[in-house]
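Derivation of every value follows stated rules applied to the coordinates shown; laboratory data play no part. Bear in mind the structure is a predicted one, so any value in this text is a computation, not a measurement. Every residue, glycine as well, gets a Cβ built from its backbone with ideal geometry; the counts of neighbours run over all protein chains shown.
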Amino acid sequence: MYDYLIVGSGLFGATFAHLARKQGKRCLVIDKRPHAGGNIYCQDVEGIRVHQYGAHIFHTSNRRVWDFVNSLVEFNRYTNSPVARYGKSLYNLPFNMNTFYQMWGVTTPQEAMNKIEEQRQEVLKRMQSEGIAQPRNLEEQALLLIGSDIYERLIKGYTEKQWGRKCTDLPAFIIKRLPVRFVYDNNYFNDRYQGIPIGGYNRLIEALLKGVEVRLNTDYFSHRDEFNALAKEVVFTGKIDEFYDYRFGNLEYRTVRFEHEVLDMPNYQGNAVVNYTEAEVPYTRIIEHKHFESFGEEVYQNPKTVVSKEYSTEWQSGMEPYYPVNDERNSLLYQQYKQLADQESHVIFGGRLAEYKYYDMAPIVERVMRMFEEN
Ligand code: FAD
């Protein structure tokens with residue numbers, strides 16, 4: 001008999017198991033995949049840790065979360081600073097003084113502000129002359145916020161590939177604001193702490209699951225009653241609609257298809273993340289995994305490299321569900337499932353699939369830490 005049967009060995013399930021074990025609880029973790037770690041799992045290819053389910057960068061301003069994960073595995077100094085490629089031009093992200101210099105040759109914050117304001121005013125005038133009072137779609141909203149150059153080169157094509165729809169067909173509210181920095185700072189995140197576990201994310205998962213019984217290749221739904229009988233409580237981190245046999249219908253997701261490739265060269269693009277912002281290039285990003293963990297001359301110690309092209313794709317049954325679609329239909333459907341979940345007395349629903357919510361890694365850890373503090 002276990003105290004907890006934990007369905008899913010992703011970051012939620014593994015953190016839960018770790019903290020429960022610390023309190024002397026007996027846990028059994030099951031996962032249908034052949035490996036633990038859920039979406040943060042990395043596969044070793046040519047001595048390079050490949051983020052199999054998408055590039056993951058840990059970032060947080062919560063000191064307690066940072067101290068907690070660093071007590072399990074030390075983190076490196078990786079700082080996310082993606083580059084956008086449009087045709088043959090390269091631009092630093094997020095939008096900052098480096099980007100504005102590359103776009104317009106301006107060198108002072110005031111010049112950059114003037115340039116953006118000039119372009120915004122042109123858009124405003126055009127919309128007023130056409131009798132448009134409020135931005136009617138994402139394109140108009142973005143143009144009003146940032147002007148035409150940045151929109152056309154860095155936002156339009158990328159956003160259309162991400163959503164599989166024209167920006168003129170996407171609602172304006174998707175872009176509420178566009179952060180711009182009038183300083184020379186390419187650090188993508190504003191958080192105080194960021195990095196990658198030294199030795200990779202599998203080390204973090206191994207540390208979390210140390211001393212916990214884990215069964216892989218084990219689908220909860222294949223022997224549901226037998227598994228339920230093993231524990232006092234179930235912690236479920238799989239899909240909530242599947243838990244209820246899709247009785248109200250399927251929740252929808254967007255997914256990403258990855259094309260991983262080993263290249264016979266030490267350094268392909270000189271950066272971990274390059275966004276391709278033209279509509280004509282079918283993929284959204286190329287990730288070069290070694291740059292997450294090796295810096296400077298270390299890059300050349302391995303003569304090979306691994307890159308992944310990312311294609312944003314409509315989700316169909318059987319594909320990996322990545323991003324919840326937070327439109328009205330799906331939000332209402334989730335609420336129906338949540339009402340059932342709230343009535344369960346022996347099941348805890350947690351994590352990105354069970355809560356049908358996009359979560360970064362740090363908020364997942366924080367959420368589980370809070371659950372244990374409250375009890
Ligand atoms: P998961 O990692 O999905 O784990 C759920 C586990 O449950 C899986 O292992 C699954 O196999 C298992 N499972 C499901 N159903 C069953 C079943 N029936 N039986 C047994 N097992 C089952 N966060 C960041 O902080 N930084 C980033 O840079 C970042 N990049 C991301 C990029 C992408 C493409 C995506 C999709 C997410 C990214 N995230 C990032 C978010 C991060 O992946 C999540 O916060 C984290 O994975 C959530 O953990 P989880 O345990 O909730 O879910």
Pairs where the first residue, in the stretch 32-51, is without any contact (Cβ under 8 Å) to a residue 12 or more places away in the chain and the second is more than 8 Å from the ligand (Cβ to nearest atom), C-beta under 7 Å, 6+ apart: Gln43/Val50; Gln43/Gln52
Filtered residues of the stretch 71-110 (kept if of a type in the set (Phe, Trp, Tyr) and out of contact with any helix residue (DSSP H, G or I) (no Cβ under 6 Å at 6 or more places or on another chain)): Phe75, Phe95, Tyr101
Whichever residue in the stretch 9-35 is within 18 Å of the chain's Cα centre (by Cα) and part of a loop (DSSP other than H, G, I, E, B) and, among such residues, is farthest from Glu355 (Cα to Cα): Ser9
Subset of the stretch 65-89 (residues that are of a type in the set (Lys, Arg) and surrounded by 12 or more Cβ atoms within 10 Å (Cβ to Cβ)): Arg85
Pick from the stretch 366-375, criterion loosely packed, with under 14 Cβ neighbours inside 10 Å and not acidic (Asp, Glu), ranking: farthest from Gly38 (Cα to Cα): Asn375
Tabulated pairs, the stretch 71-87, first on the phi > 0 side of the Ramachandran plot, second more than 16 Å from the ligand (Cβ to nearest atom), C-beta under 8 angstrom, 6+ apart or interchain: Gly87/Glu278
Gly249 being exposed (fewer than 12 other Cβ atoms within 10 Å of the Cβ) and either assigned to a strand (DSSP E or B) or more than 14 Å from the ligand (Cβ to nearest atom) (or both): no
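Yes or no, residue by residue, for (1) more than 15 Å from Ile364 (Cβ to Cβ); (2) away from the ligand (no atom under 14 Å from the Cβ):
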{"position": "Tyr2", "(1), (2)": "yes, yes"}
{"position": "Leu11", "(1), (2)": "no, no"}
{"position": "Thr15", "(1), (2)": "no, no"}
{"position": "Lys22", "(1), (2)": "yes, yes"}
{"position": "Lys32", "(1), (2)": "yes, no"}
{"position": "Ile48", "(1), (2)": "yes, yes"}
Among the residues listed as Glu261, Glu226, the single one being outside any loop (DSSP other than H, G, I, E, B), touching a strand residue (DSSP E or B) at 6+ places or on another chain (Cβ under 6 Å) and surrounded by fewer than 17 Cβ atoms within 10 Å (Cβ to Cβ): Glu261
Residue list for the stretch 113-165, filter: in contact with a helix residue (DSSP H, G or I) (Cβ under 8 Å, 6 or more places away or on another chain), surrounded by fewer than 17 Cβ atoms within 10 Å (Cβ to Cβ), among the polar types (S, T, N, Q) and not in a loop (DSSP other than H, G, I, E, B): Ser148
Where Glu117 falls short, out of the listed (1) touching a His at 6+ places or on another chain (Cβ under 8 Å); (2) more than 10 Å from the ligand (Cβ to nearest atom): (1)
Answer residue from the stretch 183-242, given it is within 30 Å of Thr99 (Cβ to Cβ) and aliphatic (A, V, I, L, M) and is farthest from the ligand (Cβ to nearest atom) among those: Val183
Considering residues of the stretch 336-365 that are of a type in the set (Ser, Thr, Tyr) and surrounded by fewer than 21 Cβ atoms within 10 Å (Cβ to Cβ) only, the residue nearest to the ligand (Cβ to nearest atom): Tyr359
